[in-house]
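Visitor: Following this message is one structure expressed as structure tokens.
Laboratory data are not the source of any read-out in this text; all were calculated from the coordinates shown. Fair warning: this is a prediction, and the values are worked out from it, not measured in the lab. Positions of Cβ are backbone-derived with ideal geometry, glycine not excepted, and every protein chain shown enters the neighbour counts.
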Amino acid sequence: MPAPSTSPVGSTSTWASRTVVNTLLALVALYTLMPLSWLLVNATKNNGDLFGRPGFRLAEFNLFSNLADLFAYQDGIFGRWLANSMLYSVAGALASTLISLLAGYAFDKYAFRGKEKLYGLVLLGILVPHTVISLPMYLMASEIGLVNTYWSVLVPGLVNPFGVYLARVFAESYVPGETLEAARIDGAGELRTFRSVALPMLSPAFMTIFLFSFTGSWNNFFLPLVMLNDSALYPVGLGLFNWNATLAQEPQFYAFVITGSLLSIVPLAAAFVALQRYWRSGLTAGAVK
């Protein structure tokens, strides 16, 4: 029986499809990278060059002097904002991730009255925008005296309905019930079973949920805007927003805002690069069983 010949029409169609796909991907990449490229170029300019050589035109390299001026302004208030953002994001994401894992693990491995109804109520939280509940949270925080404190930003971030959902999906795929039963037969309590048996198996889930929580906390803007009045408590995004709002009166802030914006994305990029292999493996958790 003769081998089938390759159809030139099929090869041409495949080549055209790949060309279209690659062209679209290149356009998306260009659209995504252009703002970052503009930021990188303009962070190296002083205030005069920002207006004298605008756009992507290169000028005298002043990045290090911009950084020195940025961190020296108002006794290093920008460094304080970066530290605040790290506190809100790292501490908040760690606590939120642990709570989500505990809740998702409990929803998957335990049977209790009203479990599915309660789980459905948690999932409804995914549909509610954070901006909608910011004002009620402000009123509750005001009643208990948490407004204008670190806790007013940290505590609301502990609740992550999407993290609970991911944790339950991971627990179903990664933690066999037989393994937990064997640990209980060996005399381990429920907390010991979770800490020593389930939690190591859920390490991809931990990294995935942590990365989502860290990114959400770092980019959180409206809640700190509502809760905080003291500039010493601002995260970096809110601090840069306030500087940007005063550009008409304080034009020296142009270089500060651009250089600060460049620095503000460095932790996000570092977190993504460091955790991407856990994140990528986590997203495919349910693909193969």
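Visitor: How many nm separate the modelled label positions at residue 219 and residue 151, each set 7 Å beyond the Cα in the direction of the Cβ?
Guide: 3.0
Visitor: Mind giving me the nanometre distance, one decimal, between the label points for residue 182 and residue 32, set 7 Å out from Cα along Cα→Cβ?
Guide: 4.1
Visitor: I need the peptides 70-78, 85-93 ranked by packing, meaning the mean over residues of other C-beta atoms within 10 angstrom, with the highest value on top. Numbers along the way, then the final one.
Guide: Numbers: 70-78: 15.1, 85-93: 20.2.
Highest mean packing first, the order is 85-93, 70-78.
Visitor: Determine, at each q value in 0.12, 0.20, 0.22 (inverse angstroms), the log₁₀ of I(q)/I(0) that the Debye formula gives when each Cα of segment 1-139 is one equal point scatterer.
Guide: Normalising to I(0) and taking log10 leaves -0.94, -1.21, -1.28.
Visitor: Please work out the Cα convex hull volume for segment 151-289 and give it in Å³ per residue.
Guide: It is 130 Å³ per residue.
Visitor: A further question on this structure: Alpha carbon centre of segment 160-179 versus segment 74-131: separation in Å?
Guide: If we compute the Cα centre of each part, the gap is 15 Å.
Visitor: Still on this structure: Calculate, in nm to one decimal, what residue 23 and residue 118 gain on full extension: separation in residues at 0.36 nm each, minus their alpha carbon distance.
Guide: Values: separation 95, 0.36 × 95 = 34.20 nm, distance 4.66 nm.
Net length gain for the segment: 29.5 nm.
Visitor: In nanometres, what is the gap between the two model label sites at residue 87 and residue 133, each 7 Å from Cα along Cα-to-Cβ?
Guide: Label-label distance for residue 87 and residue 133, simple model: 2.4 nm.
Visitor: Mind checking which of 119, 52, 216 is farthest towards the positive end of the chain's charge dipole, using Cβ charges of +1 (Lys, Arg) and -1 (Asp, Glu) about the Cα centre?
Guide: Farthest along the dipole direction, towards plus: 119.
Visitor: Based on the Cα gyration tensor of segment 66-171, what are the three equivalent ellipsoid semi-axes, each the root of five times an eigenvalue, rounded to whole Å and given largest first?
Guide: Those come to 35, 17, 11 Å.
Visitor: Also, I was wondering about something else. Work out how much length residue 196 to residue 69 would gain on full extension: take 0.36 nm times their residue separation and subtract the Cα-Cα distance, in nm to one decimal.
Guide: 40.8 nm
Visitor: Same structure again: Ratio of the chain's C-alpha Rg to 2.2 N^0.38 Å, to two decimals? Mind showing how you got there, number by number?
Guide: On the way: Rg = 24.8 Å, N = 289, 2.2 N^0.38 = 18.9 Å.
Ratio of Rg to 2.2 N^0.38 Å for the chain: 1.31.
Visitor: Right, next: Dipole of segment 149-252, Cα-centred, from +1 at each Lys and Arg C-beta and -1 at each Asp and Glu C-beta, to the nearest 20 debye?
Guide: The calculation lands at about 40 debye.
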